[in-house]
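Reading through the structure tokens given below for one structure.
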2 protein chains.
Amino acid sequence: MRILIVGAAGMLGRKLAGRLAKDGALGSAPISQLSLVDVVPADPPSVVLDISEPGAAEEALATRPDVIFHLAAVVSGEAEADLDKGYRVNLDGTRRLLDAVRGLGDGYRPRVVFSSSIAVFGPPFPEAIEDDRETAPLTSYGTQKAIGELLLSDYSRRGLLDGVAIRLPTICVRPGPPNLAASGFFSNIIREPLSGREAVLPVSEDVRHWFASPRSAVEFLVHAATLDTDALGDRRSLTMPGLSATVAEQIAGLREAGGEEAVRLIRREPDPTIARIVDGWPRNFDTRRARELGFRAETSFDEIIRIYLEDDAVR
Amino acid sequence: MRILIVGAAGMLGRKLAGRLAKDGALGSAPISQLSLVDVVPADPPSVVLDISEPGAAEEALATRPDVIFHLAAVVSGEAEADLDKGYRVNLDGTRRLLDAVRGLGDGYRPRVVFSSSIAVFGPPFPEAIEDDRETAPLTSYGTQKAIGELLLSDYSRRGLLDGVAIRLPTICVRPGPPNLAASGFFSNIIREPLSGREAVLPVSEDVRHWFASPRSAVEFLVHAATLDTDALGDRRSLTMPGLSATVAEQIAGLREAGGEEAVRLIRREPDPTIARIVDGWPRNFDTRRARELGFRAETSFDEIIRIYLEDDAVR
């Protein structure tokens, strides 16, 4: 089993590479080769390639991987700030990768797991977003992910590859330093206080959002790479399970794990801009298809915090 | 008011150009210039350009049209048979056109009316497809139209243009000689018998489908070019109203218009391939958004036949 991870230097890519290296297998198949590709050097060592450049995807596929994890993307904020870069990387890069797979021909039909996002959905939202809900993104990033899903489904239907697109919840608790993403505070208000540092909460406590841990996200990727795609038919996009939780529930979990002194490190600084952005994000889903296919996520925020403490917390 | 029609040599393009030339106005705005572009020469005279070629879209926009009708597309059967051509024309061509609009800059923000299709939907279908239904196309053509919709919405949201995508029903009765489209029989079984010629019916009479006349389709385009897009918000794709009718209802309409002798010219030749394709097509919609915005279609098949006789029938 030869495996390629495109976007291996990102948080998920590194965790997935580590998991696969540790297991030495994907499902029941031993891994003979694990190739890592990113636009920046990754640790463990990887090939530095930008698949949105002509010829780069072909180079990445030189080993004819049996499974390709396509995680490479310009993130939401950057895709919004730089329209050209977002479309080049997130749309053209994805298309070049799929066309490179197709170009190999000769019966080559790898499993392609594409990390999509709940950003493909836009308001007005129902109580819980169901599997047959339209994709009406409110960002260029969400638009590009929705287009990637359509391409993956069409190429799969035509037998050119065997694709699965998984729409990831907001990953929480993200390890590492706070980033500038509008969603960053959901992780910051847990991670920072647990390390004795202040964190800013820019929205009110009744804000509800859709979460899964990094450990679940890696498990989603592995499961998407090994499941029987006959069950998917021509609908290759799956909304991943997650936990619908309010900021108040997050804070209750923090209190449980770190006590009142941790909670006191949350500084409330209402930010109308962030509040408005967050207002356009999905809050809850009914992910029946994915659950029937065996995908599982956390069922409480306490569990998400426990996983952070086990896997990532630096104390 | 300057108007550009891309894809002006097609059936709809010609009818739209004729309508606008006759009216001399779009809504209440007098037309100062009507530019026609297609990959083949049109009648009335047009500019021959392939907007999927670099630089061609910029050339088409030289007049800085206030309204752009983007009707150019490789049709369903051809996009399925020739993957590269379908993506080049239907995806790259659309993207080049939108990027050319964006490239003009300087506050240029034309209305762009994009002819999409009910082919963006795929089975399993509910009793009636509602406005928030996911796009899960079963053809490359439908995929490319769904991608065009996403691009149009994103560029509109970013203020780069003012787009409206209209998902057209199957146009019936199509004038002209029978074509090879799998949907061709829906028109053939009306048009040919009314001219004393035989037509083949490859499916059973209980097949239900979604129709509008060419006259309605032109009216949809004109209305989409003139409506107040504030009412659309960020959801720029609209499923057009239509008539849900069975083949039996079509035949009843033919009997009314042409008598039993016309009906006898329908030759039943069941074709399992066509039956299977048609089985994957939508049958009925609840097009509330479009109706609330003032779009209207026929309410009986008799009306569709009457319009054919008034507008197109050659006898």
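General remarks:
- Taking B:ARG255, A:ARG191 and counting other C-beta atoms within 10 Å, the order from fewest to most: B:ARG255, A:ARG191
- For B:SER244, distant residues with modelled amide H under 5 Å away: B:PHE211
- For the set A:LYS15/B:LYS145; A:LYS85/B:LYS145; A:LYS15/A:LYS145; A:LYS15/A:LYS85, the pairs lying more than 28 angstrom apart at their alpha carbons are A:LYS15/B:LYS145.
- In degrees, nearest ten, helix B:11-23 long axis to first principal axis of chain B (Cα): 70 degrees
- Qualifying GluC sites (Glu not before Pro) for the stretch A:77-175 [loop in DSSP, other Cβ within 10 Å: at most 14]: A:GLU127
- Remark: the stretch A:96-106, residue by residue, has Karplus-estimated 3J(HN,Hα) of 4, 5, 5, 5, 5, 4, 4, x, 5, x, 6 Hz, where x stands for each Gly or Pro and the curve is 6.51 cos²θ - 1.76 cosθ + 1.60 at θ = phi - 60°.
- Three-way shape label, the stretch B:219-269, alpha-carbon gyration tensor, a/c 1.5: prolate
- Lys/Arg +1, Asp/Glu -1 at C-beta; chain A dipole; positive extreme among A:LEU12, A:PRO214, A:ALA224: A:ALA224
- Taking the square roots of five times each eigenvalue of the Cα gyration tensor of the protein assembly as shown, the equivalent ellipsoid has semi-axes of 47, 26, 24 Å, listed largest first.
- Cβ-based exposure ranking for A:LEU150, A:LEU49, B:LEU201, B:LEU151, in which fewest neighbours within 10 Å come first: A:LEU49, B:LEU201, B:LEU151, A:LEU150
- For chain B, the Kirkwood radius over C-alpha pairs fed into Stokes-Einstein at 37 °C and 0.692 mPa s yields D = 165 µm² per second.
- Selected from B:ALA199, B:ALA128, B:ALA245 as most flexible by GNM, with chain B as the system and alpha-carbon contacts under 10 Å: B:ALA128
- In nanometres and ascending order, the distances from the A:ALA21 label point to those of the other copies are 6.9 (point 7 Å from Cα along Cα→Cβ).
- Separation between Cα centres of the stretch A:83-161 and the stretch B:138-172, rounded to whole Å: 16 Å
- Within the shell of other residues whose beta carbon sits under 11 angstrom from the beta carbon of A:ASP66, the net charge comes to +3, with Lys and Arg scored +1 and Asp and Glu -1.
- Amide H to amide H, with H built 1.01 Å from N, B:PHE69 comes under 5 Å of B:LEU4, B:ILE5, B:VAL6, B:VAL113, counting only residues 5 or more places away or on other chains.
- Ascending count of other beta-carbon atoms within 10 Å, so fewest first, for A:HIS209, A:HIS223: A:HIS223, A:HIS209
- Its Kirkwood hydrodynamic radius, worked out from the mean inverse distance over all distinct Cα pairs, puts the stretch B:160-242 at 14.8 Å.
- For the stretch B:259-271, 3J(HN,Hα) computed residue by residue from phi via the Karplus equation (6.51, -1.76, 1.60; θ = phi - 60°) reads x, 5, 5, 5, 4, 5, 7, 7, 9, 7, 9, x, 10 Hz, glycine and proline entered as x.
- Length gained when the stretch B:ILE31-B:ALA248 is fully extended (0.36 nm per residue, less Cα-Cα span): 73.8 nm
- Selected from A:ALA225, A:ALA73, A:ALA252 as most flexible by GNM, with chain A as the system and alpha-carbon contacts under 10 Å: A:ALA252
- Computed label-point distance, nm, for sites B:ASP206 and A:ASP23 using a 7 Å Cα→Cβ extension: 4.7 nm
- Build a GNM of chain B with springs between Cα atoms under 10 Å apart, and of B:ASP43, B:ASP154, B:ASP106 the one that fluctuates most is B:ASP106.
- For the stretch B:189-315, the Kirkwood radius over C-alpha pairs fed into Stokes-Einstein at 4 °C and 1.567 mPa s yields D = 80 µm² per second.
- ³J(HN,Hα) computed for each position of the stretch A:87-93 - Karplus, 6.51 cos²θ - 1.76 cosθ + 1.60, integer Hz, glycine/proline x: 5, 5, 6, 7, 9, 4, x
- Applying 1/(1 + (r/R0)^6) with R0 = 25 Å to the Cβ-Cβ distance of B:ASP131 and A:ARG288 gives a FRET efficiency near 0.70.
- Scanning residues 5 or more positions from A:LEU26 or on other chains, those with amide H under 5 Å from its amide H are A:ILE31, with H placed 1.01 Å from N in the peptide plane.
- The translational diffusion coefficient of the stretch A:1-126, from Stokes-Einstein at 4 °C and 1.567 mPa s with a Kirkwood hydrodynamic radius over alpha carbon pairs, comes to 85 µm²/s.
- Beta bridges by DSSP in the stretch A:1-144, antiparallel share as percent, to the nearest 5: 10 percent
- Low-density loop cleavage sites - chymotrypsin sites (Phe, Trp or Tyr not before Pro) in the stretch A:235-314, where at most 12 other Cβ are within 10 Å (DSSP): none
- Other copies of B:GLU130: label-to-label distances in nm, shortest first, labels 7 Å along the beta-carbon direction: 0.7
- Whole-angstrom gap from the stretch A:17-33 to the stretch B:198-250, using each part's C-alpha centre: 51 Å
Computed from the coordinates by the stated procedures, all read-outs in this text should not be read as laboratory data. Computed from a predicted model, the values in this text were never measured in an experiment. With ideal geometry, Cβ positions are generated from the backbone for all residues, glycine too; neighbour counts draw on all protein chains shown.
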